[in-house]
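First up is the structure itself, then whatever we jot down about it.
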Amino acid sequence: MLCTGYTKVWDLAPNEFVRLDGARGTTLRVTSGRLWITLENDKRDIVLSAGDSYTIDRGGLTLVEAQGAATVCVLAHHVEETRHTADRPPVTRRLARWITSVLAPDEMGGYSPYY
């Protein structure tokens, strides 16, 4: 897919993420790979695959993380953007580690709820 008409093209490495500030109205279209998008003060996690697009619907901080190598077409007017390489395991490994810790028995041999 071409990015004709878009203002930027990002080629993201696995686990690389982009921090966007004030990106309301910015449209992201994934041409290859998969993205995980998290918005400030929003409980949703948005996952996009190749061919999907999403327009950021709120202001504040937005994090866009590549779940493997990804190419993204970006249509934005003026957005503060910084790119970072994540020095952490992929989200799937972090989630598996968290689930394992939740299911691990406590010192008494049982499971204790955490509130």
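So that you can scan it fast, the table gives a plain yes or no per residue for (1) part of a strand (DSSP E or B); (2) more than 22 Å from R93 (Cβ to Cβ); (3) of a type in the set (V, I, T):
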position	(1), (2), (3)
D11	yes, yes, no
P14	no, no, no
V18	yes, no, yes
A23	no, yes, no
T38	yes, no, yes
V47	yes, no, yes
E65	yes, no, no
G68	no, no, no
Residue that is nearest to D11 (Cα to Cα), among those in region 55-72 that are crowded, with 17+ Cβ neighbours inside 10 Å and within 11 Å of the chain's Cα centre (by Cα):
A66
Is it the case that some residue within region 9-21 is at negative phi, in contact with a Gly (Cβ under 7 Å, 6 or more places away or on another chain) and among the β-branched types (V, I, T)?
no
Right, S112: modelled with pLDDT under 90 and polar (S, T, N, Q) or not?
yes
Candidate set: region 43-54, residues that are exposed (fewer than 15 other Cβ atoms within 10 Å of the Cβ), at pLDDT 90 or above and of a type outside the set (A, V, I, L, M); chosen: the one nearest to C73 (Cα to Cα):
S53
Looking only at region 25-36, filter to residues that are part of a loop (DSSP other than H, G, I, E, B) and surrounded by 15 or more Cβ atoms within 10 Å (Cβ to Cβ); which one of those is modelled with the highest pLDDT?
G33
What tally of residues in region 1-24 results from selecting those that are small (G, A, S) and surrounded by 20 or more Cβ atoms within 10 Å (Cβ to Cβ)?
1
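The values are calculated or read from the model by the stated rules, or taken from the named source; none is laboratory data. The structure presented is a predicted model; accordingly, all values stated were derived computationally and were not measured. No Cβ is skipped: glycine too gets one built from the backbone with ideal geometry, and neighbour counts run over all protein chains shown.
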